[in-house]
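The values are calculated or read from the model by the stated rules, or taken from the named source; none is laboratory data. Predicted model only: the values in this text are computed from it and were never measured. FYI the Cβ positions are ideal-geometry reconstructions off the backbone, even for glycines, and counts take in every protein chain you see. These accessible areas exclude ligands, DNA and RNA; they are computed on the full protein's heavy atoms, side chains included. Shrake-Rupley method; radii C 1.70, N 1.55, O 1.52, S 1.80 Å.
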Amino acid sequence: MRIGVLALQGAFREHVATLAAIGVEGVEVRLPGDIDGIAGLVLPGGESTTMRRLIRRWGLAAPILDLARAGAPIFGTCAGMIVLSRTITGDEEPILPLLDVVVERNAFGRQLDSFETDLAVPILGERPVHAIFIRAPIVEEVGPEVDVLARLDDGRIVAVRQGNVVATAFHPELAGETRFHRLVATMAAEHADPGEGAGRRPHPLRRSRVEP
Amino acid sequence: MTVETSTWATKKGLAQMLKGGVIMDVVTPEHAKIAEEAGAVAVMALERVPADIRAAGGVARMSDPAMIEEIMAAVSIPVMAKARIGHFVEAQVLEALGVDYIDESEVLTPADEENHIDKHAFKVPFVCGCRDLGEALRRISEGAAMIRTKGEAGTGNIVEAVRHIRTVNREIRRLASMREDELFVAAKELRAPVELVQEVAAAGQLPVVNFVAGGIATPADAALAMQLGADGVFVGSGIFKSEDPARTANAIVQATTHYDNPKILAEVSKGLGAPMRGIALEAIPEGERLAVRGW
């Protein structure tokens with residue numbers, strides 16, 4: 001199983017390295033053809049304006065939306081979260097509106113306001129996540145289908161999940177935090193091979209006796 | 001929960017987010033908007049592009065804070081600004097403005113011929129230029145959270161940039177091939193702290209992001225820098241001294257993403273009009289070369 005990492009711009013190598021650390025092969029995605037055969041996709045941090053422009057220029061929106069609709073997990077960090085949002089405040093046009101959220105870019109201010117903190121993320125277990133926020137966005141509103149995975153102490157939403165789409169405003173890939181990638185890899189493995197004991201399996205020696 | 005700002009991880013992390021991107025020199029808010037629209041990951045606000053600084057001569061200083069603020073207000077991408085080498089008060093002023101990164105830059109006239117700025121003392125992160133690994137590690141030891149190779153700014157001539165990125169990466173490969181007990185002498189020869197030398201030898205790369213700067217004028221120049229191991233590129237005079245800045249800027253952005261795809265490089269290089277005129281290195285007297293500033 002291979003998981004794609006959108007490699008148009010940003011911290012994509014850090015995501016490939018994090019996937020490698022949990023034993024998953026990450027492949028760089030720059031063109032639509034690179035999406036063939038991947039079981040999930042990571043949208044890294046970077047500059048969302050640049051990334052949106054490059055996604056449009058190279059015709060990546062439709063194949064990524066198809067991949068998501070087929071059920072493959074999509075994981076966005078920081079700029080990746082912005083790119084996945086249905087509404088970006090400031091009237092910027094959404095490009096991969098897979099998350100029913102309203103997101104605000106640079107919500108904490110400029111670089112001098114970038115910060116690190118520990119966050120409770122209950123679905124990942126009791127040990128807190130060390131979260132690095134760099135000129136980070138914030139989720140201002142969520143739709144009914146969206147699960148909130150983490151909030152800051154003041155209640156602001158910084159990690160969400162909607163079905164097979166997961167997004168964080170912070171950077172697990174910069175903090176040596178692998179649990180989000182493990183979650184996404186598990187979702188990707190389930191997508192690639194459901195392994196649900198699917199269907200009735202005939203006895204190996206009695207294959208000819210097909211049920212009517 | 002405790003919240004910490006301006007940590008080493010956030011300082012060098014912003015540079016990590018800029019990787020695979022193009023940082024463009026701009027002198028007006030209008031330029032900044034053109035750069036953002038073309039896909040720049042950040043802009044460098046300065047009063048004159050290096051080609052004009054070179055032509056004008058005299059002392060080049062930090063830009064007017066009012067102009068920097070106008071540029072910060074005009075775009076949503078990070079804004080960097082330059083301080084003179086060793087001029088820590090210019091850096092204090094830029095930090096007070098709230099710029100996202102400070103470039104302690106040889107393109108401006110140095111303010112101190114012995115000391116660089118103590119960059120650990122600042123909350124805002126710094127990028128510094130280098131010509132070789134020793135210079136890069138000295139800047140990192142002073143607190144630089146991002147490095148760029150210097151090239152020769154304002155020339156539109158890639159030759160020095162190629163020399164510098166090749167030198168840095170060759171010296172890293174050399175360290176990575178050494179025995180532990182040889183690293184002490186290597187540190188002495190590089191005139192760099194042994195701890196950083198050991199870290200580079202073990203990782204096979206710099207501990208911070210390294211961009212290429214100085215002389216990039218075409219999409220192919222940007223792709224050459226990337227194929228030689230750059231994490232991204234700075235383009236100064238190359239964009240706004242070209243015939244069609246918006247198209248040139250956009251083409252350089254595309255070339256930086258698809259740096260190892262010659263078909264796309266050919267496609268984006270078509271019909272851009274004249275690039276900046278450019279200067280042969282031999283035509284620049286030794287005393288007017290910018291890359292030798294800083295040590």
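Figure note: B:Glu114, B:Glu47, A:Glu93, B:Glu95 ranked by solvent-accessible area, largest first, 1.4 Å probe, ligands and nucleic acids not counted: B:Glu114, A:Glu93, B:Glu47, B:Glu95. Remark on B:Gly129: its backbone amide H falls under 5 Å from those of B:Glu106, B:Arg148, a criterion applied only to residues 5 or more positions apart or on other chains, H modelled at 1.01 Å from N.
With the full set of protein chains in place, find how many percent of the accessible area of the range B:1-148 is carbon and sulfur; take the probe as 1.4 Å. It is 50 percent, rounded to a whole number.
In the range A:4-99, the portion of solvent-accessible area held by carbon and sulfur atoms comes to 50 percent [1.4 Å probe, whole percent, DNA, RNA and ligands not counted]. Of the residues A:Glu25, B:Glu171, ranked by 1.4 Å probe accessible area with the largest first, the sequence reads A:Glu25, B:Glu171. Per-residue ellipticity at 222 nm, computed for chain B from helices alone with -39500 (n - 2.57) per DSSP H run of at least four residues, works out to -12500 deg cm²/dmol. Relative intensity of the range A:2-192 on a log10 scale, I(q)/I(0) at q = 0.11 Å⁻¹, equals -0.41, per a Debye sum over C-alpha point scatterers of equal strength in the absence of solvent. The value of relative contact order for the range A:2-192, using C-alpha pairs under 8 Å at least six residues apart, is 21 percent. Of the complete DSSP H runs in chain B, none spans 15 angstrom or more by Cα along the long axis with a mean Kyte-Doolittle score not below 1.6.
Please check: in the Gaussian network model of chain B (C-alpha springs, under 10 Å), which one of B:Ala192, B:Ala249, B:Ala213 has the largest mean-square fluctuation. Maximum among the listed residues: B:Ala192. Take each residue in A:105-115, count the other chain C-beta atoms within 10 Å of its C-beta, and the mean is 6. In this Cβ point-charge picture (+1 for Lys and Arg, -1 for Asp and Glu), chain B has a dipole of about 600 debye about its Cα centre. The amide H of A:Arg2, built 1.01 Å from its N in the peptide plane, has A:Ala39 as neighbours under 5 Å, considering only residues 5 or more places off or on other chains.
Interface between chains B and A: roughly 3300 Å² of accessible area buried, both sides summed (probe 1.4 Å, protein heavy atoms only). Largest accessible area first, the listed residues B:Tyr259, B:Tyr101 line up as B:Tyr259, B:Tyr101 when surface is computed with a 1.4 Å probe on the assembled protein chains.
Across the range B:232-278, the relative contact order, built from alpha-carbon pairs under 8 Å that are at least six residues apart, equals 50 percent. Using a probe of 1.4 angstrom and keeping all protein chains present, the accessible surface of chain A works out to 43 square angstrom per residue.
From the square roots a ≥ b ≥ c of the eigenvalues of the alpha-carbon gyration tensor of the range A:1-84, which class results: rounded (a/c under 1.5), prolate (a/b over b/c), or oblate? Oblate, since a/c reaches 1.5 and b/c is not below a/b. Cα gyration tensor of the range B:188-295, axes a ≥ b ≥ c as square roots of the eigenvalues: rounded (a/c below 1.5), prolate (a/b > b/c) or oblate? Taking the square roots of the gyration eigenvalues as a ≥ b ≥ c, the range B:188-295 is oblate.
Across the range B:1-146, the mean sequence separation of Cα contacts (distance under 8 Å, 6 or more residues apart), normalised by length, yields a relative contact order of 20 percent. Computed with a 1.4 Å probe over protein heavy atoms only, the accessible surface of chain B comes to 39 Å² per residue. Our analysis of the protein assembly as shown gives Rg over Rh at 1.01, with the two radii drawn from alpha carbon positions and Rh computed by the Kirkwood formula. Of all DSSP-defined beta bridges confined to the protein assembly as shown, some 35% are antiparallel rather than parallel. The alpha-carbon positions of chain B define a convex hull whose volume is 137 Å³ per residue.
A simple charge model with +1 on the Cβ of Lys and Arg, -1 on the Cβ of Asp and Glu and nothing else charged puts the dipole of the protein assembly as shown at about 1540 debye relative to its Cα centre. Amide H contacts of A:Thr87: A:Val101, A:Val103, each under 5 Å away and 5 or more positions distant or on a separate chain (H built 1.01 Å from N in the peptide plane; Pro and chain starts excluded). Solvent-accessible surface (1.4 Å probe) assigned to B:Val292 amounts to roughly 80 Å². For the range A:56-87, heavy-atom accessible area (probe 1.4 Å) falls by no less than 10 Å² from the chain alone to the full protein assembly at A:Arg57, A:Trp58. Are there residues in the range B:89-105 whose accessible area shrinks by at least 50 Å² when all protein chains are included rather than the chain by itself, and which are they (probe 1.4 Å, ligands and nucleic acids not counted)? Those residues are B:Asp100. The magnitude of the dipole of the range B:49-105, with charges of +1 and -1 set on the Cβ of Lys/Arg and Asp/Glu and taken from the Cα centre, is near 240 debye.
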